[in-house]
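First comes the structure, then the notes that go with it.
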Amino acid sequence: MGIFLAGLSALMYGAGDFFGGLASRKMPVVTVLVFSQLVGLFVAVAVMMAFGQPLPSLADLLWGTVAGVCGTAGLAALYHALATTLVAVASPVAAVTGAAIPVVLGLIMGERPSGLAWAGIALAVPAIVLLTAGPSGHAQKGIARRAAALGVIAGIGFGLFFFSISRTSPVSGLWTLASARVSTISLVVLFAVLTRRTLRPAREGFSIVLASGVLDMGANIAFLLASRIGLLSITAVVTSLYPGPTVLLAVLVFRERMTVPRVLGLALALAGVACISV
């Protein structure tokens, strides 16, 4: 059951990212962020009410708020990348960067990562090189490099999000994710007001935004349940394969071309994320 939930989490994470990027092709990224996170917040609150989760400590809520700020930056970069560049490059780069950041921060704080974690980080470099290797045209190479750059920025945001969430207590449950959603919504709304950007969603893509929010929070809940039912080492590895569904959907829907180097790069990126996650 744990492996099934982890696989379901990976599918929902991957599909949620794809739908977020797809919605960002139809409306501003700030609009997608606000409404997708709002839906995720409603889902989290509904689950907490159903299971009667106790209130967390102030420290947990503060860490959740910090996580939300970092995650906002990551999601904004990722959605922009998925909407304007190559999904097959941006998503794996974001995943492997996001997995490496907590390891590096842990090292700074005195932790000693395993040899497998370092092997995963080492795989990130050739993975990114292969992912950005595409058709010989200058324009295509420029798009691939921009996708990789945005993927790195997104990964840094995600890595800081994961690190912040890891600072919370195990009993905090979904409260930290809820507080992260609140900080995300508040930050994006403030940015929209200051820059006079509209938050009105396009009618055509609004259902996609809702799907993105439900899938993202559903993935978080599935991962949380999987980590409690099964072995965390196996759960983390299975969930770390989430860029696969994102890239597959991009190939099917956007008809993105998967060259041999990019297929190898995707495989190395997934392997690297899996190694780091163990």
Practice item. Would you mind giving the three semi-axes, in whole Å and largest first, of the ellipsoid equivalent to the chain according to its Cα gyration tensor? Key: 27, 24, 17
Review point. Which chymotrypsin sites (Phe, Trp or Tyr not before Pro) from the stretch 58-163 combine a DSSP loop assignment with at most 14 other Cβ atoms within 10 Å?
Key: none
Check your understanding: Of Met1, Met48, how do they rank once you tally other Cβ atoms within 10 Å and put the fewest first?
Key -> Met1, Met48
Review point. For the modelled label position 7 Å from the Cα of Phe51 along Cα-to-Cβ, which residues of the stretch 159-176 have backbone nitrogen atoms closer than 14 Å?
Key: 170-176
Check your understanding: So, in Å, what gap is there between the alpha-carbon centers of the stretch 26-54 and the stretch 147-193?
Key -> 13 Å
Check your understanding: Taking the Cα centre of the chain as origin and charging only Cβ (+1 Lys, Arg; -1 Asp, Glu), how large is the dipole, in debye to the nearest 20?
Key -> 680 debye
Practice item. Based on other C-beta atoms within 10 Å, arrange Leu41, Leu224, Leu131 from fewest to most. Key: Leu224, Leu41, Leu131
Review point. Can you give me the relative contact order of the chain as a percent, contacts being Cα pairs under 8 Å and 6 or more apart?
Key: 43 percent
Practice item. Quote to one decimal, in nm, the extra length available between Phe4 and Thr195 on full extension: 0.36 nm per residue of separation minus the C-alpha distance between them. Key: 64.4 nm
Revision key, fill the gap. Taking a ≥ b ≥ c as the square roots of the Cα gyration tensor eigenvalues, with a/c under 1.5 meaning rounded and otherwise prolate when a/b beats b/c or oblate if not, the stretch 51-124 comes out oblate
Study note, to complete from the structure: If unit charges are put on Cβ atoms (+1 for Lys and Arg, -1 for Asp and Glu) and the dipole of the stretch 165-278 is taken about its Cα centre, the option from Leu194, Ala271, Ala180 lying farthest towards the positive end turns out to be Leu194
Study note, to complete from the structure: With the dipole of the stretch 2-277 defined by +1 on each Lys or Arg Cβ and -1 on each Asp or Glu Cβ, the option from Ser164, Leu215, Ile108 whose Cα lies farthest towards the positive pole is Leu215
**Study point:** Inter-label distance, nm, simple model (7 Å from Cα along the C-beta direction), Met109/Ala59
**Key:** 1.1 nm
Check your understanding: Based on DSSP H assignment, which helices of the chain show an axial Cα extent of at least 27 Å together with a mean Kyte-Doolittle hydropathy greater than or equal to -0.5?
Key -> 2-23, 29-51, 58-84, 87-108, 138-166, 175-194, 206-229
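Values quoted throughout were computed directly from the atomic coordinates according to the rules given, and no laboratory measurement underlies them. Because the structure is predicted, anything quoted here is derived from the model rather than measured. Note that we place each Cβ from the backbone using ideal geometry, even for glycine, and neighbour counts take in every protein chain shown.
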